[in-house]
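Q: A single structure is presented below for examination.
None of the figures in this text is laboratory data; all of them are computed from the coordinates on show. This is a predicted model, so every value here is computed, not measured. Reconstructed Cβ throughout: ideal geometry from the backbone, glycine too, with neighbour counts over all protein chains shown.
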Amino acid sequence: MKTLRIATRQSALALWQAEHVAARLRAIHADLHVELVPMTTRGDQILDRPLAEIGGKGLFLKELEVALQERRADIAVHSLKDVPMTLEPGFSIGAVLERADPADAFVSPRFARLAELPQGARVGTSSLRRQAQLRALRPDLHLTDLRGNVNTRLAKLDAGDYDAIVLACAGLERLGLGARIASRLDAPDWLCAVGQGAIAIECRLGDDAIAARVAPLDDASTHRCTDAERAMSLALHGSCNVPIAGYAMETDAGLALWGLVGYAERGTLIRAQASGGREAPQALGQTVAAMLRERGADAVLGIGQP
């Protein structure tokens, strides 16, 4: 193959990620011409309702997967945190790039930390995971939905609609907006979205020529860690309809995984942590999921209920 086409969303962050993948591919394969195929997804178009109400983060993938099916593109580049735990038939993850900062960012023009916000301050986020953790730490805050791309969210903050917002550090840093991070919300006290900070390359299943081109971009450590996180979420039937968080890291002994399930409305959090070998990340994820369910996660998730 002489040309490789990358399907991508049209947001500034998505285009940055796709260009990053394109640059890596060009550096590895001198004979390869790489071009972007930007497109708009339903998740980008519907901004007046929370994702949980309109079908979840999979709405960011559908149009890109159709382009792969119709061979208008050869790969699709996603934020891994937007990729459903189970892919549609006919697709696979060809590579997971080295993870950037997985932490969430507390962003405010007037306050340096979450603890400094005054009683009843307005905080913008549509993420149920973030809402659950915010309410656990600061039940007095007034939380309101916030959708749109990074620049749209920052513009609403700067216009005075919110006292603070919570975004992903990786997204801000990739867009050259790291200076907007007032402070980081770090694991294990605060847990990020499963896969946050990692870029995934989606391919057509069985397309060996494409798979061979993208395989060198895979970071084994990131892939193992995010496999553990995604296995935990899958075992919990995770989606953006329920607040699930997870973060795995490599240690001298193997892998460590922290998991969390929460009530977004009440701020009640259920936590679990376990360690395991590098050779079995999925098993570690399933172990932490079982621990969370033993501690009451089923009631939050609606598992086993009519």
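Q: Mean shadow of the range 162-302, computed from the convex hull of its alpha carbons, in nm²?
A: About 10.9 nm², averaged over all directions.
Q: Okay, next question. When N is the residue count of the range 115-191, what does its C-alpha Rg come to as a fraction of 2.2 N^0.38 Å?
A: Relative to the rule-of-thumb radius for its length, the range 115-191 sits at 1.05.
Q: Once the convex hull of the alpha carbons of the chain is built, what does its volume come to per residue, in cubic angstrom?
A: 135
Q: Below 8 Å between Cα atoms, with a sequence gap of 6+, how large is the relative contact order for the chain in percent?
A: The normalised contact order for the chain reaches 20 percent.
Q: Now, a different point. Between helix 281-294 and the chain, what is the angle of the helix's C-alpha long axis to the longest principal axis, kept within 0 to 90° and rounded to the nearest 10?
A: 30
Q: Please get the size of the charge dipole for the range 169-230, origin at its Cα centre, with Cβ charges of +1 on Lys and Arg and -1 on Asp and Glu, quoted in debye to the nearest 20.
A: 220
Q: Ok, one more. State whether the range 128-241 is rounded, prolate or oblate according to the following rule on the C-alpha gyration tensor (a ≥ b ≥ c being the square roots of its eigenvalues): a/c under 1.5 gives rounded; otherwise a/b larger than b/c gives prolate, and the remaining case gives oblate. Present the calculation step by step, with values, prior to reporting the outcome.
A: On the way: a/c = 2.34, a/b = 1.66, b/c = 1.41.
Note, shape of the range 128-241 comes out prolate.
Q: Residue separation times 0.36 nm, minus the C-alpha to C-alpha distance between D158 and D218: what's the value? Please list the in-between numbers first.
A: On the way: separation 60, 0.36 × 60 = 21.60 nm, distance 3.76 nm.
Gain on extension, D158 to D218, equals 17.8 nm.
Q: Please give me, ordered by residue number, the trypsin sites (Lys or Arg not before Pro) of the range 192-274 that lie in loop per DSSP and have at most 15 other Cβ atoms within 10 Å. Spell out each step's value before the answer.
A: Values: sites: R204, R213, R224, R230, R266, R271; in loops: R266.
Within the range 192-274, the qualifying trypsin sites (Lys or Arg not before Pro) (loop, at most 15 other Cβ atoms within 10 Å) are R266.
Q: Test of understanding: express the Cα radius of gyration of the range 73-121 as a ratio to 2.2 N^0.38 Å, with N the residue count.
A: Relative to the 2.2 N^0.38 Å estimate, the range 73-121 comes out at 1.88.
Q: Nearest 10 degrees, 0 to 90: what angle lies between the long axis of helix 12-28 and the longest principal axis of the chain (Cα atoms)?
A: Approximately 40 degrees, to the nearest ten.
Q: Here's a follow-up. Please report the antiparallel percentage of DSSP beta bridges with both residues in the chain, rounded to the nearest 5.
A: Working: 33 of 47 bridges.
So the antiparallel bridges amount to about 70 percent of the total.
Q: A further question on this structure: So how strong a dipole does the chain carry about its Cα centre when Lys and Arg Cβ are +1 and Asp and Glu Cβ are -1, to the nearest 20 debye? Mind showing how you got there, number by number?
A: Details: 35 positive and 37 negative charges, 97 e Å.
Its charge dipole is roughly 460 debye.
Q: Taking amide hydrogens as modeled 1.01 Å from N in the peptide plane, which residues meet the under 5 Å criterion relative to V37, leaving out close sequence neighbours?
A: For V37, the qualifying residues are I6, A7, T8.
Q: Under the Kirkwood approximation applied to all pairs of distinct alpha-carbon atoms, what is the hydrodynamic radius of the range 219-306 in Å?
A: Taking every pair of different Cα atoms in the range 219-306, averaging 1/r and inverting gives 12.9 Å.
Q: With unit charges on the beta carbon (Lys/Arg positive, Asp/Glu negative), name the residue among L301, P281, G259 whose Cα is farthest towards the positive pole of the charge dipole of the range 170-306.
A: Working it through, the farthest residue towards the positive pole turns out to be L301.
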